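To start, the structure under review is shown below, and the notes come after it.
Laboratory data are not the source of any read-out in this text; all were calculated from the coordinates shown. From a predicted model like this one, the values you see are computed outputs, not experimental measurements. Note that each Cβ is placed from the backbone with ideal geometry, even for glycine, and that neighbours are counted across all protein chains shown.
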Amino acid sequence: MIRLKDEKSFTKPAPLLEQEVFMSLQRNADWLMRELEEILKDDTLSPAQYNVLRILRTAGPVGMACHEIGERMITRDPDMTRLLDRLEDRDLVVRARERQDRRVIRIRVSPTGLKLLKELDEPVRSLHRRQLGHLSEKRLSLLVRLLESVREQTIE
């Protein structure tokens, strides 16, 4: 049997409640996302691409500049241009230069992208109801407020 000289360095520190919360959030986010990925897989859409389409739908016909989309993303994507290229190649978004300022490119969800979003709306809503519907409205509201307060603390 091999004995290590310093077995104390392998002892686990006492768990911190904050660490337990962090790990639980990570596990839950992964679990929630895996099921969403399954729904999107049939349309060969990544969660990030789906997020962009949803963001652009809320912008309406005005669309958004690339940096505006990036600010609203759920997860950071370091290569927004490539993400938008893939969506444009599939005719899910349209890019156009602004007339007033030719440096600004506006991105809009295309009719094809809107059709895809409409097809995904109910399956995604059903998924969220199945995943979180066991929680009361009061608990869901509390959870939203708690998670927002975590993000507000880390932003400051």
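A few remarks follow.
- Check on residue 35, touching a Lys or Arg at 6+ places or on another chain (Cβ under 9 Å) and under 26 Å from residue 132 (Cβ atoms): yes
- Among the residues listed as 86, 82, the single one being in contact (Cβ under 8 Å) with a residue 12 or more places away in the chain and of a type in the set (D, E, K, R): 86
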